């Protein structure tokens, strides 16, 4: 949670000076960083699985009185709680930094719902990666690349303005984090609309697909990397 | 320590096969049974199929074919019920990133052992396995041997009917090996069934009631330790070593010279020879070495051990390192 908090503090104040229209960049950034928690929580879930395979704990746990599915859902629950907990912490930091908040109960619930769905999506995606990749270097490299790509090719830090290159805007649209950030931002600002409902629908379908792929890959994967 | 007559076996395997891919079977028609309170040893080289068999019995993998029953249950259908009643010390390292005490407590917690009982058992195991000096250290600060001790000790945190030990003494010093083996023996006296794999034949001799020698996924020999040794009771063992450069041609010639009644199992420059008449065999070996101009570096006659049984069994399979 340290990295997102630093993004929020340093970028929030740092880029405020570039804002010429009198808008509050910190208020724009806060729900984006809350959404980013879904990605970070997903990486934690993937890393737990990968480390447990690498260090033999998965094989050891699976000869205990548990099932593979219970272990998987334990990791998913961890991702979900970390995503929501991290987002709540970012909200608190934002409120402290801004000195005020516009978020309503309904808008906040929708924002946190989007982040919960995002935690499932990214948790599943990272589990899929952890189930497929065996090399430590490969796992870490892909994970870092994904974090940066997903983070910066989304509306977390900046809006999908028409002035952006077409390729970048297309990447924004393809990136699930954009949907989470847009919905969380709309919930935060109290401007929820039909587009957000559509984005959440798409995200729900994508999450279901990635979750199924992750479960299948996990159930077929070796319990140990030795 | 042997099983009670008439009691249903704790483990039965009938023509169990398992393949990790096309072509080669890691287990190739393995059949055996293990009785209650028995210590059943699995001996074999690396890659022989021992760990695969342990994985199948502990429900980590499902056999490709054949029938396996553990505690009367089918691992395919009743995996969880089996796992609730077994303990497993796996070959590889498996540590949680907590302290030694934390590891023991976590294990008890996972098996739903009440808190007071967990504390009692932790103290007992910390004392028995000499973990006191580093009980508050985290696992990443432990040496390989210390980790192994924790791995073994924590398995005794919960009650079980069958304990699977997959090369549990790797990394343990002589004293801790004995502590472990004696701890297992004590539990066996209370009715615990143990399946034990090891490379150390002295340990197998010390602990096991029956032993299965396994190679290339097949059981080559299965009997009590005494009976296995008795198989070769009329024979003596000759150990000899020659320069590695001469080994191949010398051991081939020796195998021919001694005839089919003798068994020559060679590894690099050394060979173990099982013979009926050691005096005559010594004469043949010395005469052959002189004739071929080969320097004998070591030559001795001794009683048969479990190691000879193992080597003999492997040699019968046409092991490339042996020339029997």
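Which of the residues that make up segment A:59-90 are within 11 Å of chain B (Cβ to nearest Cβ), buried (at least 16 other Cβ atoms within 10 Å of the Cβ) and more than 19 Å from residue B:112 (Cα to Cα)?
Of everything in segment A:59-90, just one residue is within 11 Å of chain B (Cβ to nearest Cβ), buried (at least 16 other Cβ atoms within 10 Å of the Cβ) and more than 19 Å from residue B:112 (Cα to Cα), namely A:59.
Can you tell me which residues in segment B:189-199 are over 14 Å from residue B:210 (Cα atoms) and crowded, with 17+ Cβ neighbours inside 10 Å?
To start, the set of residues in segment B:189-199 that are over 14 Å from residue B:210 (Cα atoms) comprises B:189-192, B:199.
Answer for segment B:189-199, where residues must be over 14 Å from residue B:210 (Cα atoms) and crowded, with 17+ Cβ neighbours inside 10 Å: just B:192.
Filter segment B:6-19 down to the residues that are part of a loop (DSSP other than H, G, I, E, B) and surrounded by 15 or more Cβ atoms within 10 Å (Cβ to Cβ) and list them by number. Break it down stepwise before answering.
Filtering segment B:6-19 for residues part of a loop (DSSP other than H, G, I, E, B) gives B:6-10.
Correct list: B:9, B:10.
Could you go through segment B:180-197 and let me know if any residue there is within 14 Å of another protein chain (Cβ to nearest Cβ) and within 27 Å of the chain's Cα centre (by Cα).
The initial filter retains those residues of segment B:180-197 that are within 14 Å of another protein chain (Cβ to nearest Cβ), namely B:195.
Right, trim to within 27 Å of the chain's Cα centre (by Cα) and you get B:195.
Yes, segment B:180-197 has at least one match.
If a residue has to be over 17 Å from residue B:220 (Cβ atoms) and crowded, with 20+ Cβ neighbours inside 10 Å to count, how many in segment B:20-34 make the cut?
The number of residues fulfilling the criteria is 1.
Is it true that residue B:130 is assigned to a loop (DSSP other than H, G, I, E, B), more than 13 Å from chain A (Cβ to nearest Cβ) and surrounded by fewer than 22 Cβ atoms within 10 Å (Cβ to Cβ)?
On the way: assigned to a loop (DSSP other than H, G, I, E, B): yes; more than 13 Å from chain A (Cβ to nearest Cβ): yes; surrounded by fewer than 22 Cβ atoms within 10 Å (Cβ to Cβ): yes.
For residue B:130, the condition - assigned to a loop (DSSP other than H, G, I, E, B), more than 13 Å from chain A (Cβ to nearest Cβ) and surrounded by fewer than 22 Cβ atoms within 10 Å (Cβ to Cβ) - is met.
Hey, can you tell me all the residues within segment B:55-114 that are outside any loop (DSSP other than H, G, I, E, B), more than 10 Å from chain A (Cβ to nearest Cβ) and farther than 30 Å from residue B:14 by Cα?
B:99, B:100, B:101, B:102, B:103, B:104, B:105, B:106, B:108, B:109 - these are the residues of segment B:55-114 that are outside any loop (DSSP other than H, G, I, E, B), more than 10 Å from chain A (Cβ to nearest Cβ) and farther than 30 Å from residue B:14 by Cα.
Take the residues of segment A:91-105 that are touching a helix residue (DSSP H, G or I) at 6+ places or on another chain (Cβ under 8 Å) and either within 14 Å of another protein chain (Cβ to nearest Cβ) or in a helix (DSSP H, G or I) (or both): which is farthest from residue A:11 (Cα to Cα)?
Going through segment A:91-105, the residues touching a helix residue (DSSP H, G or I) at 6+ places or on another chain (Cβ under 8 Å) turn out to be A:91, A:93-94, A:97-98, A:101-103.
Then drop every residue that is not either within 14 Å of another protein chain (Cβ to nearest Cβ) or in a helix (DSSP H, G or I) (or both), which leaves A:91, A:93-94, A:97-98.
Numbers: A:91: 15, A:93: 14, A:94: 12, A:97: 12, A:98: 14 Å.
Result: A:91.
I need the full set of residues from segment B:118-143 which are in contact with a helix residue (DSSP H, G or I) (Cβ under 7 Å, 6 or more places away or on another chain), within 12 Å of residue B:156 (Cα to Cα) and at pLDDT 90 or above, in order please.
Listed by number, the residues that qualify are B:118, B:121, B:122, B:125, B:126.
Conditions: (1) within 14 Å of chain A (Cβ to nearest Cβ); (2) modelled with pLDDT of 90 or more. Residue B:151 meets all but one. Number of the miss?
Evaluating residue B:151 over (1) within 14 Å of chain A (Cβ to nearest Cβ); (2) modelled with pLDDT of 90 or more leaves (2) as the failure.
Being away from every other protein chain (no Cβ under 14 Å) and either surrounded by fewer than 24 Cβ atoms within 10 Å (Cβ to Cβ) or modelled with pLDDT of 90 or more (or both) is the filter here, so list the residues in segment B:35-47 that pass it. First the steps, then the outcome.
If we filter segment B:35-47 for residues that are away from every other protein chain (no Cβ under 14 Å), which is where we start, we get B:35-45.
Those that are away from every other protein chain (no Cβ under 14 Å) and either surrounded by fewer than 24 Cβ atoms within 10 Å (Cβ to Cβ) or modelled with pLDDT of 90 or more (or both): B:35, B:36, B:37, B:38, B:39, B:40, B:41, B:42, B:45.
Give the residue, chosen from A:145, A:109, A:127, A:117, that is touching a residue at least 24 places away in the same chain (Cβ under 8 Å), part of a helix (DSSP H, G or I) and surrounded by fewer than 16 Cβ atoms within 10 Å (Cβ to Cβ). Give the derivation first.
On the way: A:145 fails: touching a residue at least 24 places away in the same chain (Cβ under 8 Å); A:127 fails: surrounded by fewer than 16 Cβ atoms within 10 Å (Cβ to Cβ); A:117 fails: surrounded by fewer than 16 Cβ atoms within 10 Å (Cβ to Cβ).
So the residue among A:145, A:109, A:127, A:117 that is touching a residue at least 24 places away in the same chain (Cβ under 8 Å), part of a helix (DSSP H, G or I) and surrounded by fewer than 16 Cβ atoms within 10 Å (Cβ to Cβ) is A:109.
Whether any residue in segment B:101-112 is surrounded by 22 or more Cβ atoms within 10 Å (Cβ to Cβ), under 24 Å from residue B:188 (Cβ atoms) and in contact with a strand residue (DSSP E or B) (Cβ under 7 Å, 6 or more places away or on another chain) is what I want to check.
no
Looking at (1) in contact (Cβ under 8 Å) with a residue 12 or more places away in the chain; (2) under 19 Å from residue B:153 (Cβ atoms); (3) surrounded by fewer than 19 Cβ atoms within 10 Å (Cβ to Cβ), which is the one condition that is false for residue B:62?
Status for residue B:62: all satisfied but (2).
Of the conditions (1) more than 14 Å from every other protein chain (Cβ to nearest Cβ); (2) farther than 30 Å from residue A:220 by Cα; (3) part of a loop (DSSP other than H, G, I, E, B), residue B:122 clears all except one; give me its number.
With (1) more than 14 Å from every other protein chain (Cβ to nearest Cβ); (2) farther than 30 Å from residue A:220 by Cα; (3) part of a loop (DSSP other than H, G, I, E, B) applied to residue B:122, the lone miss is (3).
Residue B:266 passes all but one of (1) buried (at least 19 other Cβ atoms within 10 Å of the Cβ); (2) touching a strand residue (DSSP E or B) at 6+ places or on another chain (Cβ under 7 Å); which number fails?
(2)
The values are calculated or read from the model by the stated rules, or taken from the named source; none is laboratory data. All figures in this text were calculated on a predicted structure; none of them were measured in a lab. For neighbour counting, all protein chains shown are included, and Cβ atoms are generated from backbone atoms with ideal geometry for every residue, glycine included.
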